[in-house]
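Peer 1: Structure below; questions to follow.
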Amino acid sequence: MSLLTPEPGLLFWMLISFGITVFLLVKFGFPMILKSVEKRKNYIEESLLAARKAHEELAGIKETSEAILAQTRKEQADILKEAASRRETMIEKAQEEARMESEKLIASARQQIDAEREKSLRSIRDEAAVLSLIFAEKILREKLGTEQEQEKMIDRLFNELDMSKS
Amino acid sequence: MMKRTLYISTLSVVLFLMAFPAWSVNQGGEKEELNVKEFITEHLADSYEWQIVSTGTRHISIPLPVILYSKSTGWHLFSSSHFHHGTKPYRGFEIAADGKYKGKIVETAPIGNISRPLDLSLTKNAASLIFASLLVILIIMGVARSLDRDPMNPRKGFVGLIEMLTLMINDEVIKPSIGERYQRYAPYLLTVFFFIFINNLLGLIPLFPGGANVTGNISITFVLAIITFLIVNLTGTKEYYKEIFWPDVPTWLKVPIPLMPIVEIVGTLTKPFALMIRLFANIMAGHSIVLGLTMLIFITASLGVAVNSSMTVLSIIFTVFIDLVELFIAFIQAYVFTLLSAVFIGLAQIESHPKKKVIVKNHAA
């Protein structure tokens, strides 16, 4: 049966056309396609890797930024705390100083007052002495107006002297 | 649901209407008894002209060049139209009407001896083959160039389809079948796949330039199988040859009568033989079934309008169904040929037994 026997003519054309097809496609066609696909595959893989890396980097950056933020917050708190304490000490110091100053002032005022009082006392005493002398003179003059009285007085004074001597 | 019912009923009415012209044409020109077997064989076989349509005695066909070498008269090159569709002889050659060389060009010597010259004519199958080859080259080179121009951009449409098919055959068929050295064979096997696939598909198109029974022709599958055979046996490893000529069996099976080697050698030959027959038989059978089902219309033409009309509808439904199956077979046969070629190549790539490959467990699964 002719269907089952290869035809030389068709074999010849098959060899030529299939040969050319194979030559062209093996040499240029399929390697090109496979290479392009391989290239794309690599590109996609690289992109995925890069994306993952970027993602990780981003996470790292976020972490560091958070750390920095926390640190700054801590520092801020520290500074605030320090400022508060410094303010307190300053106030305390100022108060102390003020107190000391006032004490000094008060002390000096008291001294002055004391001195003034002393002075005034002394002057009062002097005045009083002078006055008492004047008064005593006037009283004596009143009391020792008569001779009798003068003698009586002299006697008493002598008596007193004697008494005190003995 | 309503839409579907409407669709189906409309289709049946159209099919019924289509049946009448066929019947009336046959009523008008009924002269000769229809020989179904001859008709189908004729369509499956090669021819010297590319028939487009025939009505009654009128044939519209494209004449193809006839190239002959005769021992007595040398080279001849002329158009097949000189034969007048096989009815007239030309330059001492004619297309045999019957006998051993039926349908082929024969040379009648003055004495009356009939012999066949060396026939390198560009027949219908050869022309279709060249057309398909050009188509394959055009498609693959076009896709390759398109991909090469911008490899980073994933493709859609036709380029994407060809790329997908290429990757599927490369990654799912060639790579696992051959193993490590698959890259050496991948371009050839991919070419074989697309060559067979495109030829199969073209064979399914009944209009010019399709319709030729190229992959259902044994010459074509013979060449394909021979190339596979050559690749398998010329690139085989030492271990492969050792397994053929000195296999690991009891010595009495090898000496004095080399029983196992003979079995192995026969095995190397049956593999490509099976490839050749499988593709040829599948595609030829597909064409036969489609033709046979179509013939139902013309066989039943003489049985009256009712039978003819209903058989026409049945025939068209069956033909459509078989054509769909054939589409699937066109792919499957190309796939199987590529797969088996890859498996045979892979079998010839074996390494020696002691250092068996360590099975790497697939942790990814």
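Peer 1: Counting residues that are facing chain A (nearest Cβ under 10 Å) and either surrounded by fewer than 18 Cβ atoms within 10 Å (Cβ to Cβ) or without any contact (Cβ under 8 Å) to a residue 40 or more places away in the chain (or both), which helices (runs of 4 or more DSSP H) fully inside the stretch B:82-187 reach at least 1?
Peer 2: B:124-149, B:157-168
Peer 1: Here is a follow-up. Among (1) at pLDDT 90 or above; (2) open to solvent by 40 Å² or more (accessible area, probe 1.4 Å), where does B:Phe197 come up short?
Peer 2: Here B:Phe197 clears every test but (2).
Peer 1: Do we find that A:Ser47 is within 14 Å of chain B (Cβ to nearest Cβ), open to solvent by less than 100 Å² (accessible area, probe 1.4 Å), under 30 Å from B:Phe195 (Cβ atoms) and among the small types (Gly, Ala, Ser) in this structure?
Peer 2: The answer is no for A:Ser47.
Peer 1: On the given criteria, is B:Phe337 crowded, with 20+ Cβ neighbours inside 10 Å and in the same structural domain as B:Tyr188 (by TED's automatic domain parsing)?
Peer 2: yes
Peer 1: Considering only the stretch A:68-76, I want to know if a residue exists there that is at pLDDT below 85, surrounded by 10 or more Cβ atoms within 10 Å (Cβ to Cβ) and not aliphatic (A, V, I, L, M).
Peer 2: No, the stretch A:68-76 contains no residue that is at pLDDT below 85, surrounded by 10 or more Cβ atoms within 10 Å (Cβ to Cβ) and not aliphatic (A, V, I, L, M).
Peer 1: Just need a number here: residues in the stretch B:256-298 that are of a type outside the set (A, V, I, L, M) and under 30 Å from B:His43 (Cβ atoms).
Peer 2: 11
Peer 1: Identify the single condition in (1) more than 30 Å from A:Leu25 (Cα to Cα); (2) within 22 Å of the chain's Cα centre (by Cα) that B:Arg116 does not satisfy, given that it satisfies every other one.
Peer 2: It fails just one condition, (2).
Peer 1: OK, next. Considering only residues that are among the hydrophobic types (A, V, I, L, M, F, W, C) and either without any contact (Cβ under 8 Å) to a residue 40 or more places away in the chain or open to solvent by 80 Å² or more (accessible area, probe 1.4 Å) (or both), which ones fall in the stretch B:40-62?
Peer 2: Matches in the stretch B:40-62: B:Ile52, B:Val53, B:Ile60.
Peer 1: Quick check on A:Ile33: is it of a type in the set (Val, Ile, Thr), more than 7 Å from chain B (Cβ to nearest Cβ) and either open to solvent by less than 90 Å² (accessible area, probe 1.4 Å) or part of a helix (DSSP H, G or I) (or both)?
Peer 2: Answer is no for this residue.
Peer 1: Still on this structure, please answer the following. Search the stretch B:46-70 for residues being over 22 Å from A:Phe12 (Cα atoms) and among the small types (Gly, Ala, Ser), and hand back the single one that is modelled with the lowest pLDDT.
Peer 2: My answer is B:Gly56.
Peer 1: Answer yes or no as to whether B:Ile105 is closer than 21 Å to A:Tyr43 by Cβ and within 24 Å of the chain's Cα centre (by Cα).
Peer 2: no
Peer 1: Tell me, please, whether a residue that is open to solvent by 60 Å² or more (accessible area, probe 1.4 Å), within 7 Å of chain B (Cβ to nearest Cβ) and in a helix (DSSP H, G or I) can be found in the stretch A:51-60.
Peer 2: no
Peer 1: Turning to a different aspect of this structure: Hey, does the stretch B:202-212 have a residue that's under 21 Å from B:Ile332 (Cβ atoms) and touching an Asp or Glu at 6+ places or on another chain (Cβ under 6 Å)?
Peer 2: Yes; the residues of the stretch B:202-212 include at least one that is under 21 Å from B:Ile332 (Cβ atoms) and touching an Asp or Glu at 6+ places or on another chain (Cβ under 6 Å).
Peer 1: Among (1) of a type in the set (Val, Ile, Thr); (2) open to solvent by 60 Å² or more (accessible area, probe 1.4 Å); (3) over 16 Å from B:Ile139 (Cα atoms), which single condition is A:Ile20 missing?
Peer 2: With respect to (1) of a type in the set (Val, Ile, Thr); (2) open to solvent by 60 Å² or more (accessible area, probe 1.4 Å); (3) over 16 Å from B:Ile139 (Cα atoms), A:Ile20 is out only on (3).
Peer 1: Would you check which residues across the stretch B:211-227 are more than 7 Å from chain A (Cβ to nearest Cβ) and hydrophobic (A, V, I, L, M, F, W, C) and list them?
Peer 2: Those that are more than 7 Å from chain A (Cβ to nearest Cβ) and hydrophobic (A, V, I, L, M, F, W, C): B:Ala212, B:Val214, B:Leu224, B:Ala225, B:Ile226, B:Ile227.
Peer 1: Something else: Based on this model, can you work out whether A:Leu10 counts as open to solvent by 80 Å² or more (accessible area, probe 1.4 Å), at the interface with chain B (Cβ under 7 Å from one of its Cβ atoms), in a helix (DSSP H, G or I) and closer than 21 Å to B:Leu120 by Cβ?
Peer 2: no
The values are calculated or read from the model by the stated rules, or taken from the named source; none is laboratory data. None of the values given here were measured: they were computed from a predicted structure. As a convention, Cβ positions derive from the backbone with ideal geometry for all residues, glycine included, and neighbour counts pool all protein chains shown. All accessible areas refer to the heavy atoms of the entire protein, side chains included, with ligands and DNA or RNA removed. Shrake-Rupley method; radii C 1.70, N 1.55, O 1.52, S 1.80 Å.
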